[in-house]
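Report on one structure; see the data block that follows.
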Amino acid sequence: MKEGRIIKGIGGFYYVDDSINIYECKARGILRKNNETPMVGDKVHFSILNQEEKLGMVEEILQRKNELIRPPVVNVDQAVVVFAITQPEPNLSLLNRFLVLAEGQMLDIIICFNKIDLQQQKDYMWMVDIYEKAGYKVLLATKENSDGIEKLKRALCGKVSVFAGPSGVGKSTLLNQVQSNIHLQTGGLSTKNERGKHTTRHVELIPLNQRGWVVDTPGFSSLKIDFTEEAELQYCFPELRSLAGNCRFSSCLHENEPSCSVKKAVEDNLIAKERYESYLQLLEEIRSNRRY
Ligand SMILES: Nc1nc2c(ncn2[C@@H]2O[C@H](COP(=O)(O)OP(=O)(O)OP(=O)(O)O)[C@@H](O)[C@H]2O)c(=O)[nH]1
Ligand SMILES: [Mg+2]
Ligand SMILES: [Zn+2]
């Protein structure tokens, strides 16, 4: 029996990469009977039915580390959250949502600000500061800047990374730069028709030469946070997480409670106001979700 990873699933066939070949596999009936549906990203044991034609059978799904719903991929290590510094104008409250969702899945996170050819450094460094202060790794890139692309390549090495971010920020363009045999469609699709076409596209892991896989995703313009407990949210903000336990009340949600270490840190400018405001906004959203 061999071990491999499912990189694509289409119409009941699973494409399993054993890092030398890609096998077209069906899933053993017992898996279906046990309600175990193979997912893109799954590590599996498979048997070879025909070596010449690269046909096989998925026999067993190995334990999953995590499961993303959007995109539907499992065993993801890292999220690369791509935002353009302009065109489209960055919406930081949306960026914070992307980050919260990735944190909730325990992913490593890289923020990539793209299109830095379109502005002077002084016009976008304030954003970089906000996220570096929060503790994130921030990369700056353009489709032409090889230094940014090199850093990105290094960060992708050996991991399964999902590229996420709004439409038109340059996710597919960046991936095309990372490796010359990746030919993703680019161009910032805008009409309804084209967007429909885009979202039905199959999710797949794209193998990297330098080990690792990447997943491109279509841009989302809104994201729903589906937490049920307000108290969970603070753990999805690294700069709040590191202060947890320093407030007077152990149940502190850092809103209006007295002797709150988070509010103090915001006053002292150690936590960015923009981030804290997103936190409060999301807290309110979790509450109102629960009301319905
Ligand atoms: N000026 C500039 N334009 C860029 C850069 N990167 C991408 N673009 C342009 O931005 C547009 C959108 O790029 P895409 O790569 O299609 O964006 P995307 O994030 O994949 O968009 P969706 O697939 O719709 O989510 C294209 O016209 C690119 O040529 C960059 O670094 N600088
Ligand atoms: Mg794209
Ligand atoms: Zn507090």
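Odds and ends about this structure:
- Failed condition for Asp77, given (1) surrounded by 21 or more Cβ atoms within 10 Å (Cβ to Cβ); (2) touching a Ser or Thr at 6+ places or on another chain (Cβ under 7 Å): (1)
- Yes/no for Ser222 being touching a residue at least 12 places away in the same chain (Cβ under 8 Å) and assigned to a loop (DSSP other than H, G, I, E, B): yes
- Residue match in the range 228-238 (condition: assigned to a loop (DSSP other than H, G, I, E, B) and either more than 25 Å from Val80 (Cα to Cα) or not aromatic (Phe, Trp, Tyr) (or both)): yes
- Some residue of the range 92-105 being out of contact with any strand residue (DSSP E or B) (no Cβ under 6 Å at 6 or more places or on another chain), part of a helix (DSSP H, G or I), of a type in the set (Ser, Thr, Tyr) and under 26 Å from Leu283 (Cβ atoms): yes
- Top-ranked residue in the range 140-170 [being surrounded by fewer than 23 Cβ atoms within 10 Å (Cβ to Cβ) and polar (S, T, N, Q); ranked as farthest from ligand 2 (Cβ to nearest atom)]: Ser146
- Of everything in the range 254-289 that is surrounded by 18 or more Cβ atoms within 10 Å (Cβ to Cβ) and in a loop (DSSP other than H, G, I, E, B), the residue that is nearest to ligand 2 (Cβ to nearest atom) is Ala272.
- Taken over the range 132-149, the residue count meeting the criterion of being in a helix (DSSP H, G or I) and modelled with pLDDT under 95 is 4.
- The single residue among Pro38, Pro72 that is assigned to a loop (DSSP other than H, G, I, E, B), modelled with pLDDT of 95 or more and not assigned by TED's automatic domain parsing to the domain that holds Val162 turns out to be Pro38.
- Residue check, Asn269 out of contact with any Asp or Glu (no Cβ under 6 Å at 6 or more places or on another chain) and within 16 Å of ligand 3 (Cβ to nearest atom): no
- Near pairs, Cβ below 8 angstrom, 6+ apart or cross-chain, from the range 112-131 (at pLDDT 95 or above) to any residue that is within 16 Å of ligand 3 (Cβ to nearest atom): Ile130/Arg275
Yes/no per residue for (1) in the same structural domain as Arg97 (by TED's automatic domain parsing); (2) among the aromatic types (Phe, Trp, Tyr); (3) more than 14 Å from the chain's Cα centre (by Cα):
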| site | (1), (2), (3) |
| --- | --- |
| Trp126 | yes, yes, yes |
| Asp129 | yes, no, yes |
| Lys143 | yes, no, yes |
| Ser146 | yes, no, yes |
| Ile149 | yes, no, yes |
| Ser161 | yes, no, no |
| Gly170 | yes, no, yes |
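- For the range 91-104, a residue qualifies if it is closer than 30 Å to Asp123 by Cβ and either in contact with a helix residue (DSSP H, G or I) (Cβ under 7 Å, 6 or more places away or on another chain) or outside the structural domain of Tyr124 (by TED's automatic domain parsing) (or both), and the qualifying residues are Leu92, Ser93, Asn96, Val100, Glu103.
- Extreme residue, farthest from Glu3 (Cα to Cα), among residues of the range 19-33 that are aliphatic (A, V, I, L, M) and assigned to a helix (DSSP H, G or I): Ile30
The values are calculated or read from the model by the stated rules, or taken from the named source; none is laboratory data. In this text the structure is predicted, and so the values were computed from the model without any measurement. Here Cβ is always computed from backbone atoms with ideal geometry, including for glycine, and neighbour counts include all displayed protein chains.
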